[in-house]
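In what follows, a single structure is set out as structure tokens and then discussed.
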Amino acid sequence: MFHIALLFCFIYVFWRFVIPLPWRFAYKLVLAGVLLLVSKYHLIQLLVFGTMFSPEMPRVLVILCGWLFCAFVLLLLIHITFDLLLAATWVVRRGRPLGARFQVYSRYGMACLALALSAIGVNQAVQVPEVRRMELGIRNLPPAFDGFRIVQLSDPQLSRLLEAPWAEDLVARTNSLQADLIVITGDLIDGTPQARHNDVQPLSKLSARHGVIASLGNHEYFFDARVWTAEFQRLGMRVLVNQHELVDEQGQSLIVAGIADPVATAFNHEAPDLTKALAGAPAGLPIVLLSHQPIDVLQHAAAGVDLQLSGHTHGGMVRGLDWFIGRFNGGYVSGLYVIETMLLYVNNGAGLWNGFPIRLGVPSEITEIVLRPAAA
């Protein structure tokens, strides 16, 4: 479906952008061929590498292909907007079209704008994230946890785009916060353990008083979640898959639970199961849930979860596209939401998928959360 949708996108760009250009037929054919290749970038990856999630090619090519693909998508969106404006002016001008020269130069301008915005967006996408700080009020928070600092990382998605040097900088910035607990809400990687061996090594240096707890995201399942779980454990993380653990502070406790990702069943793994994750947990303690996708929030709130930490959406990546991303994530895209008695925080992500490496108006983040007792 993804590849078919992109084919229709190409047809639209070909019909509305390429055909009206005052070029020779041969030049139009070359441009159409380039646009077709760019639009089918992920299909080519799938045919060449066997996956569209982790092309094992030089980083400069990953960036170049990502820049061109993002420019193609932006050109499509800009052109759709332009066509809607054309339709509006057609009504206002009572059927009299705008000048041909204006329309031609408008197309040149749209292409330049798409390429420039894509370059800016790709540059933003590969930056080491800044720290976003907040205080959250938690019901029944034990006094020992007043001021307890959780640093959330989500979606580092280490790949040929975001390699070991980027991971080292991410770890250094995270460790500088001297957190009480570090949690990672999935999608740590793109690729096999063999391909990402060097890139994930910096994660072993993550340091907090209560260590590092991780849940799995959909991309771990794409590349053998069992093998990756063992690798994350080797790197010093405690991986929670429908499990919980108690974090103790001065004789008082907090529950941290993690559930599987919904795609797990497609790979013969157990489905997300909060009931199983909380089995045997002491009653009356605050619950922090690590769930890669911001899903089933009403059920989680009803089950007594106080704070759900999620990622997956990358914050929508491009300002204005959050409505589209939200359609696939229950309307939860970025930031803090109140779901009955539960707080949901959706992290913009530290990294992102190399197949659409763009951020425009939606910065990546390392999230520092300070727990406080909720106001009565």
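The values are calculated or read from the model by the stated rules, or taken from the named source; none is laboratory data. Computed from a prediction, not measured in an experiment: that's the story for all the values here. Cβ sites come from the backbone with ideal geometry, for glycine too, and all protein chains shown count toward neighbours.
For region 286-316, what are the residues that are in contact (Cβ under 8 Å) with a residue 60 or more places away in the chain and either on the phi < 0 side of the Ramachandran plot or among the acidic types (Asp, Glu) (or both)?
Within region 286-316, Pro286, Val288, Leu290, Ser291, His292, Gln293, Asp306, Leu307, Leu309, Ser310, Gly311 qualify.
Looking across Val128, Val151, one residue alone is surrounded by fewer than 21 Cβ atoms within 10 Å (Cβ to Cβ) and within 25 Å of the chain's Cα centre (by Cα). It is Val128. Looking at Leu246, Leu254, just one residue is part of a strand (DSSP E or B), farther than 19 Å from Val297 by Cβ, without any contact (Cβ under 8 Å) to a residue 40 or more places away in the chain and aliphatic (A, V, I, L, M), and that residue is Leu246.
Total residues in region 304-331 satisfying the condition of being part of a helix (DSSP H, G or I), farther than 20 Å from Ile63 by Cβ and within 11 Å of the chain's Cα centre (by Cα): the figure is 3. What about Gln299, is it touching a helix residue (DSSP H, G or I) at 6+ places or on another chain (Cβ under 6 Å) and either of a type in the set (A, V, I, L, M, F, W, C) or at pLDDT 95 or above (or both)? Here the answer is no, as Gln299 does not meet what is asked.
Being closer than 25 Å to Thr275 by Cα, assigned by TED's automatic domain parsing to the domain that holds Leu290 and crowded, with 23+ Cβ neighbours inside 10 Å: is that true of His219 here?
Against the criterion (closer than 25 Å to Thr275 by Cα, assigned by TED's automatic domain parsing to the domain that holds Leu290 and crowded, with 23+ Cβ neighbours inside 10 Å), His219 qualifies.
Just one of (1) surrounded by 21 or more Cβ atoms within 10 Å (Cβ to Cβ); (2) under 30 Å from Gly304 (Cα atoms); (3) of a type outside the set (Lys, Arg) fails for Asp146. It is (1).
Residue by residue through region 198-253, note down the ones that are out of contact with any helix residue (DSSP H, G or I) (no Cβ under 6 Å at 6 or more places or on another chain), of a type in the set (Phe, Trp, Tyr) and closer than 19 Å to Asn268 by Cα. Listed by number, the residues that qualify are Phe222, Phe223. Elements of the type strands (runs of 3 or more DSSP E) sitting completely within region 117-206 and holding at least 1 residues that are on the phi < 0 side of the Ramachandran plot and free of Cβ contacts under 8 Å to residues at least 40 places away in the same chain: these cover 181-185. Looking only at residues in region 207-240 that are assigned to a loop (DSSP other than H, G, I, E, B) and within 19 Å of the chain's Cα centre (by Cα), the one that is farthest from Asp155 (Cα to Cα) is Phe223. Does Asn268 qualify as being surrounded by fewer than 21 Cβ atoms within 10 Å (Cβ to Cβ), of a type outside the set (A, V, I, L, M, F, W, C) and closer than 23 Å to His244 by Cα? Considered against the rule, which asks whether it is surrounded by fewer than 21 Cβ atoms within 10 Å (Cβ to Cβ), of a type outside the set (A, V, I, L, M, F, W, C) and closer than 23 Å to His244 by Cα, Asn268 comes out as yes. Within the bounds of region 262-273, is there any residue that is within 26 Å of Glu368 (Cα to Cα) and of a type in the set (A, V, I, L, M)? The answer is no; no qualifying residue exists. In region 21-65, of all residues being within 20 Å of Phe222 (Cβ to Cβ) and of a type in the set (S, T, N, Q), the one that is surrounded by the most Cβ atoms within 10 Å (Cβ to Cβ) corresponds to Ser54.
Looking across region 351-376, the residues that are of a type in the set (A, V, I, L, M, F, W, C) and either surrounded by fewer than 20 Cβ atoms within 10 Å (Cβ to Cβ) or touching a helix residue (DSSP H, G or I) at 6+ places or on another chain (Cβ under 6 Å) (or both) come down to Leu352, Phe356, Ile358, Leu360, Val362, Ile366, Val370, Leu371, Ala374, Ala375, Ala376. Screening Ile182, Ile138 for residues that are crowded, with 23+ Cβ neighbours inside 10 Å, β-branched (Val, Ile, Thr) and assigned by TED's automatic domain parsing to the domain that holds Tyr337 leaves exactly one candidate, Ile182. Of the residues that make up region 151-159, is at least one polar (S, T, N, Q) and farther than 30 Å from Leu64 by Cβ? Yes, the conditions are met somewhere in region 151-159. Filtering Ser291, Ser253, Ser310 for residues that are touching a strand residue (DSSP E or B) at 6+ places or on another chain (Cβ under 6 Å), surrounded by fewer than 22 Cβ atoms within 10 Å (Cβ to Cβ) and among the hydroxyl-bearing types (Ser, Thr, Tyr) leaves a single hit, Ser253. All of Gly284, Gly304 fail the test of being in the same structural domain as Arg149 (by TED's automatic domain parsing), within 16 Å of Ile138 (Cα to Cα), surrounded by fewer than 21 Cβ atoms within 10 Å (Cβ to Cβ) and modelled with pLDDT under 95, apart from Gly284.
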